[in-house]
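What follows is calculated from the coordinates using simple rules that are stated; it is not laboratory data. Since this is a predicted model, take the numbers as computed values, not measurements. Every residue, glycine among them, receives a Cβ derived from its backbone with ideal geometry; neighbour counts consider all protein chains shown.
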């Protein structure tokens, strides 16, 4: 699988991803979402936590096609938020010592940490300099 070249292709592929993830188990859905966003071309330092008021919405993010670690995490968060699944209502993106991670179910699942989702057994960091919750993003998208 490769990253879609045009905005229209990215938008269609993102729509297919969300449709597909709606009917999967939680782990399979999170794995599909994480894998898709890890295909995005990486570029250092596109978004910054201190500029959160100016972060792109999901459609602008796909249009810009510039993905630092934070932008990929934001894309993962938007995808999960727009799924609106009952079992995925507590997603949170955090600025951790390991990068910009997306934590699900109080950190049981860790996304944006590589191509595979992490199933957490001992993620101990609890104090994050920055974080954004799924409910924060829902308000932004309304």
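If I model a spin label at residue 138 and residue 90 as a point 7 Å from the Cα along the Cα→Cβ vector, what separation in nanometres do I get?
Label-label distance for residue 138 and residue 90, simple model: 1.4 nm.
Based on the Cα gyration tensor of the stretch 1-41, what are the three equivalent ellipsoid semi-axes, each the root of five times an eigenvalue, rounded to whole Å and given largest first?
19, 12, 5
Let me check I have the definition right: for the stretch 1-76, take the eigenvalues of the Cα gyration tensor, multiply each by 5, take square roots. What are those semi-axes in whole Å, largest first?
In descending order the semi-axes read 21, 14, 11 Å.
Round to the nearest 0.05 the FRET efficiency obtained for residue 127 and residue 2 when R0 = 41 Å and r is the Cβ-Cβ distance.
0.60
Sorted from fewest to most neighbouring beta carbons within 10 Å, what does the list 2, 81 look like?
Least to most surrounded, the residues fall as 2, 81.
What span do the alpha-carbon atoms of the chain cover on each of the three principal axes, reported in whole Å from largest to smallest?
Result for the chain: principal-axis Cα extents of 40, 35, 29 Å.
Working out 0.36 nm times the residue gap between residue 22 and residue 39, then minus their Cα-Cα distance, what length gain in nm do you get to one decimal?
Extending this stretch completely gives an extra 4.1 nm.
Between residue 9 and residue 98, what FRET efficiency follows from the Cβ-Cβ distance if R0 is 30 Å, with the result rounded to 0.05?
0.45
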